[in-house]
Each structure stands twice: as C-alpha cells, then as structure tokens.
Amino acid sequence: MNTETEKKIDELLSKMTVREKIGQLTQYSTNPREEGRIREMLRKGELGGFLCGTGCFNGDEEAAERNREYVNSLQREAVEGSRLGIPVIFGKDVIHGHNTVYPLPLALSATFNPELVEECYDLTAKEAANDGIMWSFAPMIDVSRDPRWGRCVEGIGEDPYLGEQMAAAVVRGFQGPTVEGLREHGNIAACAKHYICYGAAEGGRDYHKAEVSDYTLRNTYLPPFRGAVKAGVRTVMSSFNEISGQPVTSSRYLLTELLKDELGFDGFVVSDDRAVGQLQRQGVAANGEDAASLALNAGLDMDMDSMVYLDNLEKAVERGRVKEETLNEAVRRVLRVKFELGLFENPWATYVPTDREHDSAVARRAAGESMVLLKNEGGILPLKKGCDFTLMGDFYTEKLEQIGVWSSDFELDRVKSMEDGIKEVSPNTRVWRTDSTHSTVNANPAKGNDIVVVALGEGNLLEGEASSIASLELTEDQALTIRNARKFGKKVIGVLFYGRPMALEPVEHLFDAIIYAWHCGSETGTALADILFGDVNPSGRLPMTLPRVTGQVPIYYNLPSTCRPVDEYYGKEALLENYRDEFGTPMYPFGYGLSYTTFEYSFLRAKKSSLTMDEINSGAKFEIAVKVKNTGKVGGKECAQCYVRDVLASMTRPVKELKGFSKVYIEPGEEKEIVFTLGKDELSFYHADRVFAPESGKFTVYVGRDCYASDSIEIEIL
Ligand code: BGC
C-alpha cells in the first residue's frame with residue numbers, strides 16, 4: 001500500500017458526508033433513459049461507478065468518438081460538477097476481447113499458455129481503454145466441473161492449478177505487471193469473479209446453491225482467486241450463490257476473513273448485478289436496510305446496480321447498524337483503486353491507435369493454440385493444400401456464433417468464418433456442400449475427393465449466464481448429419497464449435513478425425529484452416545473433461561481416492577466401474593490433445609529426491625526434469641504436464657493434481673529438457689484446521705502428455 005495515497009484518502013474521507021461516502025459505493029448503469037437523473041446524481045456525488053459504461057460500435061470510429069465524448073461528459077459532471085470532484089470509474093464486461101475477439105475463456109484455458117493469454121488481455125485492455133473503459137469484469141475464474149452450467153464457457157475449466165495460472169495471466173494482461181503501472185493508458189483494472197463456488201451450482205443450474213465444505217472450497221475453488229490476488233487484482237466480484245445456507249453477498253467469513261484478511265486482498269469487492277437487493281429474495285434480509293447492512297458489514301464494498309446502498313445505508317449508519325468506520329473502510333478501498341488508476345490526474349477517455357493487424361495475428365495464434373485435436377485416425381489430418389472436400393453441417397459460413405458469449409463491441413467485418421479461413425489458407429480447395437439433415441443423403445458428394453468435413457456447433461444462446469442445458473449430447477439433427485456423412489463411405493472429419501464439453505459418445509466412433517474448435521472469436525476460421533491444412537500443428541489441451549454421456553457429470557480427473565476402487569474411477573484401468581450401463585472413463589480426459597507429430601518422454605528424474613520440511617519452508621524446491629523428444633516429422637508445441645499425488649496425508653487427497661505444465665516448441669528429431677519446480681505452494685493443501693501447509697512424507701510425481709501420465713518418480717519431504 002502506498003502511504004501517500006492513503007494520506008490523500010484520509011483527507012478526502014475527512015471532507016466527505018455520509019451520503020457522499022455511500023455514493024462512492026454505488027454503481028449504476030449508464031441508461032440513456034435516466035440520463036437526467038444520473039447527471040444529477042453525479043453532481044451530488046452519489047455515484048462511484050458505472051456498469052456497461054459504453055456502447056457497441058463495431059469498428060465505427062465516429063460512433064466511438066461520440067461515445068468518448070459522452071463518457072467524458074458524464075465524467076465531467078463528477079470531476080467538475082460535484083463538491084469534491086471525485087472521478088467515477090467506468091466498468092464493463094470485457095470478457096475475451098473487445099473489438100478484436102479472442103477465444104472464449106474456456107478455450108483460452110485450453111492453450112495451456114499463460115504468456116499468450118496475458119498478451120491477448122493486454123491487447124484487449126488497450127482497445128477497451130480507447131472506449132473509456134477503466135475496469136473489466138473479468139477474469140471469470142470459477143472452477144467448474146459441470147458442463148451443463150452455461151457459464152463454464154466463461155471460466156477456466158475444472159482444474160484449480162490451471163485456473164490459478166490463467167487467473168494471474170489475465171490480471172497481468174489487463175492491469176500490467178505492477179500496480180504502479182496501472183495508471184498508464186491501456187491498462188485497466190481487472191475483476192476476479194465470481195467469488196466463490198458459483199461454478200459448483202447444484203445440477204449446473206445457474207444461480208443455484210452450492211453445497212461445498214470449507215475443505216473443498218479452499219482446495220478446489222479458492223486457488224484461482226489466490227492467483228488473481230497474488231497477481232495484484234484490484235477488484236473482486238462476489239457471486240450470486242449461497243454456500244450451505246450462507247449467501248456469499250452477506251458472508252463476512254468469505255469476503256472479509258478469507259479474502260481480505262487471509263489472502264491480503266486490498267482492492268475492493270463489488271457485488272454481482274443487483275445481488276445486494278436480492279438478499280431479500282434469498283430470504284436473509286427483510287428489507288433494503290437489512291440487505292445493505294448485511295452486505296456492507298460482510299465486507300462487500302460496492303453495490304452493483306441495486307441502489308440498495310444509496311437508498312438505505314444512511315439510515316443504517318444513523319441507527320448504528322453499520323459503523324462509520326466500516327463505511328470508511330469500504331470507501332477507502334474504492335478510492336484506492338481510483339488513485340491507482342490515476343483517475344484523479346487523468347480521468348478522461350482518450351484514443352491511442354492500436355495495430356489491428358498485429359492484434360488479429362495474436363488472435364489467430366491464440367485460436368490456433370486453443371483448438372484441440374481429439375482424434376486423427378490414420379493421420380488423415382492435416383489435409384493437403386488444394387484438396388477438395390464435401391461439406392456438411394451449418395457452421396461453415398457462421399461468423400456471429402464464433403464470437404461466443406459476452407462480446408458486445410466486436411467488429412463483425414473482421415470475423416473470419418471457416419469458409420473465409422479456407423479460402424485464405426487453401427485458395428484452390430473446392431468445397432462441395434451437401435444437404436445434411438434429411439434422413440437420406442440426397443446430394444451427390446464431390447467426385448474426386450475422399451473427405452467429408454462436418455462443421456457443427458452450438459449457438460451462443462445456449463451458453464453463458466442463465467443458459468444451462470440439461471443434455472450434453474448433440475441434437476438429433478446434428479447426430480443425423482454425422483450419420484449421413486458416414487454414408488458416403490469417405491473419411492469423416494468433425495469440426496466441433498462448442499463452448500463447453502459435449503458428451504460425444506453416441507457419435508464419436510463415426511468420425512475419423514475431430515477438431516474441438518470451441519468459439520474462437522475473430523480468427524476462428526483462419527486458425528481452423530491453419531490446423532486443417534497443417535500450417536499450425538495443434539497444441540491445445542482439454543481444460544475440462546469431455547464426458548461420454550451427460551449422466552457421468554460431474555466427472556473430473558482430480559478426485560480423491562476412495563475406499564474402493566482404491567485408485568481411480570476416471571482412470572483407464574479402473575477395476576470397478578461406477579455405472580453398470582456406462583464406462584467409468586471419460587470420452588477424453590483432462591489435459592488431452594493430439595499433435596501432428598509424436599513426442600517421447602524419457603529420463604524423468606528429481607535432481608534431489610528428498611528435502612527436509614525446514615528446507616521446503618524456507619523456499620527450497622524439488623526440481624523435476626524430463627527429456628522430451630519430437631520423434632515425428634514436423635515441428636510442434638508439446639505441453640508437458642506434471643501431476644502430484646500426496647501419498648499419505650491427514651486428509652484424503654486427489655489421486656493426481658496438476659502442479660506444473662510447460663509448453664515448448666520442439667523441432668523434429670530435437671530433444672529438450674523441461675524442468676518443473678515443486679515447492680511449498682505446490683505441495684501444500686488446506687488442512688482441516690484451514691492451515692495451508694505441506695505434510696511430510698512421500699509424493700508421487702507423474703509427468704506426461706495429459707492426466708493419464710504414468711511415468712513417475714517419488715520425492716519425499718523429510
Ligand atoms: C453477471 C456478471 C456480470 C454482471 C454485469 C451479472 O449478471 O453475473 O458476470 O459481470 O452481470 O454485467
């Protein structure tokens with residue numbers, strides 16, 4: 001914390017009325033229908049921030065300029081028209097790109113490449129800042145093991161460690177590497193959301209309760225938030241859900257004791273949209289005053305959109321239900337972030353040109369690294385440039401759906417469909433489109449080619465908030481298309497554009513090759529063509545298990561060992577199956593993804609196989625080295641993964657937990673050494689007494705291509 005800033009905050013606080021303080025804790029939409037009221041509130045110091053501060057310009061420069069003027073005119077009311085001149089902060093859901101759209105967050109997780117993800121968010125922040133946005137409501141870092149939940153597409157997948165790395169990458173991308181740099185144009189405040197266990201909603205039903213123990217909350221759902229806090233995230237959004245009878249919005253334990261006191265988060269907490277007022281619906285607040293007092297006393301600093309703070313907190317302070325120190329502490333946190341953003345010196349929206357060509361190139365790279373090659377029998381991929389194919393399915397020319405949910409400022413003209421991509425990468429390829437959904441094949445497939453490409457997908461309306469689905473199997477029409485494709489007697493390549501894991505068992509055997517292409521934003525089509533024609537060697541890995549059928553959900557790799565089967569039900573060699581009517585194994589496991597080349601792992605070793613607890617506590621780390629050789633004919637990126645099992649512990653521990661990954665490019669015939677480091681952070685867990693520490697004893701370390709990695713060694717903390 002910067003003492004100069006804290007002094008300035010003290011000075012301001014000493015001049016502020018209770019109403020002005022509450023104003024700083026109030027966020028509202030920039031609704032043009034209420035413009036008069038909003039401007040008046042700004043002049044009275046009754047608004048601290050805006051939600052969705054800008055419009056949607058789709059590349060229209062003049063409209064963007066008018067928007068900047070509008071944003072600045074609102075800011076002027078606060079800065080020049082109010083008694084204390086405190087600037088407002090403009091926030092927006094800038095989730096996976098702004099004008100340039102990057103892959104959906106879940107797809108970005110599949111890159112297993114935090115540096116690339118950081119780059120995407122750095123560029124996103126620059127575009128957003130040009131529209132006057134100072135704060136993004138991202139990253140969404142809810143661990144989720146239920147693909148039915150529509151919002152799993154916005155998140156980081158099923159794994160706490162991967163989530164922790166991705167959370168930190170997004171925060172650094174938005175905010176820059178240091179809090180001191182936050183004031184530079186093009187850096188904006190990030191918001192880690194939705195804290196916490198929103199992804200554990202029962203049955204994948206949005207907003208529903210989560211029944212999660214403190215042990216699981218800390219060991220599974222907390223790590224991404226810990227990663228964000230360590231990376232200096234300036235804001236955190238509390239989640240809508242309750243956890244075992246306690247709404248997060250009013251949980252002092254979660255918001256103050258755990259997040260602020262224990263993790264040391266010194267930015268501010270904003271509620272989710274209207275969630276403070278909704279404490280009444282959750283049945284723990286009788287009226288607005290109750291709701292406001294509960295939330296503020298719990299440590300929820302800013303009320304998003306419900307106006308419950310502004311309408312009720314004065315009374316609550318007067319009646320002693322909320323202490324003025326509590327109010328001051330919340331205001332301090334909001335002002336701190338405003339100072340850090342440099343808003344007191346320069347609150348104005350300004351334009352700094354971006355390099356669209358460069359941004360598109362990064363988007364193409366990110367999309368290419370997101371897509372996962374699930375299957376490639378007989379090595380039918382990559383295709384030869386110029387080859388013809390027959391096409392089925394309705395996602396070939398699709399652009400809008402490739403944008404994915406939570407994009408509002410995209411430039412549609414810059415979005416490349418699969419058709420655009422193929423024309424660019426393999427201009428001589430002729431595509432023979434054929435009707436796909438009739439019960440009989442009624443079109444003549446292209447003569448002289450022996451490939452059918454089936455391009456299918458899910459629409460954006462089936463993904464995101466309040467968009468859960470009950471069935472993860474493809475629709476009957478889609479399954480029919482695939483069955484019809486098979487009837488041609490040619491090789492069938494599936495290109496599947498889904499934001500979430502789908503249950504592919506009923507159709508998987510009908511494909512010779514499958515590319516899981518997600519919704520990858522502006523460069524979906526080009527990135528896909530790069531992979532189809534071999535300009536890019538696929539390196540994406542699944543950040544979430546693909547189930548065989550919906551009934552297996554939740555299915556995730558890092559579950560604890562049970563009394564029987566001892567080892568794992570997810571594993572390939574499980575002795576006991578969980579279901580009489582279905583395999584225990586997933587369709588495709590976590591961390592999985594093929595390449596056009598082959599990699600051989602060898603010489604796995606620990607440079608030192610034991611360390612004392614004192615050494616570990618003072619920062620010593622195990623170094624786990626492995627050699628990876630590209631044994632194929634083309635260069636490619638390999639994502640080596642390191643999993644750990646705590647063999648004997650005071651609590652049951654997962655049979656395997658990802659604790660390191662490294663993506664490296666290796667030329668054909670070349671061998672590289674990869675070193676993972678395992679120290680206190682990687683070997684610790686939260687015990688029953690909430691202490692985060694390692695326990696002495698043996699750990700098995702597995703290294704390989706995915707969570708089925710079986711090459712292992714032992715290390716020991718003495
Ligand atoms: C969502 C948040 C989002 C907020 C503001 C809520 O409904 O849950 O993720 O940031 O709206 O748009």
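The values are calculated or read from the model by the stated rules, or taken from the named source; none is laboratory data. As the structure is a computational prediction, the values presented were derived from the model and not from experiment. Glycine gets a Cβ as well: all are built from the backbone with ideal geometry, and neighbour counts include every protein chain shown. SASA here: full protein model, heavy atoms, side chains in, ligands and nucleic acids out. Shrake-Rupley method; radii C 1.70, N 1.55, O 1.52, S 1.80 Å.
Here are the numbers for this structure:
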{"read-out": "Residues that are open to solvent by less than 10 Å² (accessible area, probe 1.4 Å) and either within 18 Å of residue 270 (Cα to Cα) or part of a helix (DSSP H, G or I) (or both), drawn from region 196-222", "value": "196, 197, 198, 199, 204, 217, 218, 222"}
{"read-out": "Qualifying residues in region 334-353 (those that are assigned to a loop (DSSP other than H, G, I, E, B), out of contact with any Asp or Glu (no Cβ under 8 Å at 6 or more places or on another chain) and of a type in the set (A, V, I, L, M, F, W, C)) - the one farthest from residue 267 (Cα to Cα)", "value": "352"}
{"read-out": "Residue within region 237-257 that is in a loop (DSSP other than H, G, I, E, B), closer than 20 Å to residue 48 by Cβ and polar (S, T, N, Q) present", "value": "no"}
{"read-out": "Matching residues in region 325-361 - criterion: being of a type in the set (Phe, Trp, Tyr) and closer than 29 Å to residue 229 by Cβ", "value": "339, 344"}
{"read-out": "Residue within region 172-183 that is within 16 Å of the ligand (Cβ to nearest atom) and part of a helix (DSSP H, G or I) present", "value": "yes"}
{"read-out": "Count of region 36-79 residues which are under 18 Å from residue 127 (Cα atoms) and more than 16 Å from the ligand (Cβ to nearest atom)", "value": "16"}
{"read-out": "Breaking point among (1) under 30 Å from residue 22 (Cβ atoms); (2) outside any loop (DSSP other than H, G, I, E, B); (3) in contact (Cβ under 8 Å) with a residue 60 or more places away in the chain, for residue 80", "value": "(3)"}
{"read-out": "Extreme residue, farthest from the ligand (Cβ to nearest atom), among residues of region 225-280 that are surrounded by fewer than 24 Cβ atoms within 10 Å (Cβ to Cβ) and aromatic (Phe, Trp, Tyr)", "value": "253"}
{"read-out": "Single residue of region 386-405 satisfying the filter (assigned to a loop (DSSP other than H, G, I, E, B) and either more than 22 Å from residue 464 (Cβ to Cβ) or out of contact with any Ser or Thr (no Cβ under 8 Å at 6 or more places or on another chain) (or both)) that is most open to solvent (accessible area, probe 1.4 Å)", "value": "397"}
{"read-out": "Among the residues listed as 523, 508, the single one being under 25 Å from residue 638 (Cα atoms), open to solvent by less than 10 Å² (accessible area, probe 1.4 Å) and of a type in the set (D, E, K, R)", "value": "523"}
{"read-out": "Residue list for region 21-44, filter: closer than 27 Å to residue 260 by Cα and either without any contact (Cβ under 8 Å) to a residue 12 or more places away in the chain or open to solvent by less than 20 Å² (accessible area, probe 1.4 Å) (or both)", "value": "21, 22, 23, 24, 25, 26, 27"}
{"read-out": "Residue pairs meeting the criteria (Cβ under 6 Å; at least 6 apart or on separate chains; first on the phi > 0 side of the Ramachandran plot, in region 360-382; second open to solvent by 10 Å² or more (accessible area, probe 1.4 Å))", "value": "none"}
{"read-out": "Residues of region 308-327 that turn out to be part of a loop (DSSP other than H, G, I, E, B) and surrounded by fewer than 19 Cβ atoms within 10 Å (Cβ to Cβ), as a count", "value": "4"}
{"read-out": "Selected residue (criterion: modelled with the lowest pLDDT) from residues of region 74-85 that are open to solvent by less than 10 Å² (accessible area, probe 1.4 Å) and touching a helix residue (DSSP H, G or I) at 6+ places or on another chain (Cβ under 8 Å)", "value": "74"}
{"read-out": "One residue from 117, 94, 88, 71 being closer than 15 Å to residue 522 by Cβ and surrounded by 24 or more Cβ atoms within 10 Å (Cβ to Cβ)", "value": "94"}
{"read-out": "Set 214, 131, 159, 142: member being assigned by TED's automatic domain parsing to the domain that holds residue 277 and in contact with a Gly (Cβ under 7 Å, 6 or more places away or on another chain)", "value": "142"}
